[in-house]
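Report on the structure given below.
The values are calculated or read from the model by the stated rules, or taken from the named source; none is laboratory data. Nothing here was measured: the structure is a model prediction, and the numbers come from that model. Positions of Cβ are generated from backbone atoms using ideal geometry, with glycine treated the same way; all protein chains shown enter the neighbour counts.
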């Protein structure tokens, strides 16, 4: 019991120390993605603005959120996506809803027999407005 308590304190203390030194991610508004059509073996690079639906083959991709680590941290982009397959004369089929990470595309991947989609980068195209002095 004492050993368990010490191990728990060690793990929690390390996690708290790690989170205390990490910088916060900042939001982006544009995602750079790549898609593979497995039938034609073509790789396409495309952009998806935040909140806008883009098409890749029969897939409809909507970016819900986009975060990027600050420059002083190791590079990482995380994107929250909704991917739906839309075929003519059929109901839309939800395929993927979740986070994808640029550094680990296999961690949370779209599983589809024809298409692969992964993110490359989350970008900020517009600088946020700073509060005005009164």
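Filter the stretch 73-88 down to the residues that are in contact with a strand residue (DSSP E or B) (Cβ under 7 Å, 6 or more places away or on another chain) and part of a loop (DSSP other than H, G, I, E, B), then identify the one that is modelled with the highest pLDDT. Spell out how you get there, then give the answer.
Step one: filter the stretch 73-88 for residues in contact with a strand residue (DSSP E or B) (Cβ under 7 Å, 6 or more places away or on another chain), giving 76-86.
Narrowing further to those that are part of a loop (DSSP other than H, G, I, E, B): 76, 86.
Working: 76: 91, 86: 95.
By that ranking, first place goes to 86.
Here's a check for you: in the stretch 45-63, which residue that is under 21 Å from residue 106 (Cβ atoms) and surrounded by 13 or more Cβ atoms within 10 Å (Cβ to Cβ) is nearest to the chain's Cα centre (by Cα)? First the steps, then the outcome.
Keep residues of the stretch 45-63 that are under 21 Å from residue 106 (Cβ atoms), which gives 45-46, 48, 56-57, 59, 61, 63.
Of the ones still in play, those that are also surrounded by 13 or more Cβ atoms within 10 Å (Cβ to Cβ) are 46, 48, 56-57, 59, 61, 63.
Details: 46: 15, 48: 12, 56: 17, 57: 20, 59: 17, 61: 12, 63: 8 Å.
This residue is 63.
Yes or no: the stretch 29-37 includes at least one residue that is at pLDDT below 85, part of a loop (DSSP other than H, G, I, E, B) and within 25 Å of residue 122 (Cα to Cα).
First, pick out the residues of the stretch 29-37 that are at pLDDT below 85: none.
So far as the stretch 29-37 goes, no, none of its residues is at pLDDT below 85, part of a loop (DSSP other than H, G, I, E, B) and within 25 Å of residue 122 (Cα to Cα).
With respect to residue 70, determine if the residue is modelled with pLDDT under 95, touching a strand residue (DSSP E or B) at 6+ places or on another chain (Cβ under 7 Å), surrounded by fewer than 13 Cβ atoms within 10 Å (Cβ to Cβ) and assigned to a loop (DSSP other than H, G, I, E, B). Reasoning before the result, please.
Working: modelled with pLDDT under 95: yes; touching a strand residue (DSSP E or B) at 6+ places or on another chain (Cβ under 7 Å): yes; surrounded by fewer than 13 Cβ atoms within 10 Å (Cβ to Cβ): yes; assigned to a loop (DSSP other than H, G, I, E, B): yes.
Criteria met by residue 70.
How many residues are surrounded by 14 or more Cβ atoms within 10 Å (Cβ to Cβ) and more than 12 Å from the chain's Cα centre (by Cα) if we restrict to the stretch 32-43? Walk me through how you get there before you give the answer.
Quick first cut of the stretch 32-43, residues surrounded by 14 or more Cβ atoms within 10 Å (Cβ to Cβ) only: 32-37.
From what's left, more than 12 Å from the chain's Cα centre (by Cα): 34-37.
Going through the stretch 32-43 one residue at a time, the tally reaches 4.
Could you please give the count of residues in the stretch 89-121 that are in a loop (DSSP other than H, G, I, E, B) and either closer than 16 Å to residue 56 by Cα or in contact with a strand residue (DSSP E or B) (Cβ under 7 Å, 6 or more places away or on another chain) (or both)?
Initial filter on the stretch 89-121 (in a loop (DSSP other than H, G, I, E, B)): 89-92, 102-114.
Keeping just the survivors that are either closer than 16 Å to residue 56 by Cα or in contact with a strand residue (DSSP E or B) (Cβ under 7 Å, 6 or more places away or on another chain) (or both) gives 92, 102, 105, 107-114.
Number of matching residues: 11.
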- Tell me, yes or no, whether the stretch 4-20 has at least one residue that is modelled with pLDDT under 95 and under 13 Å from the mean Cα position of the chain (by Cα). no
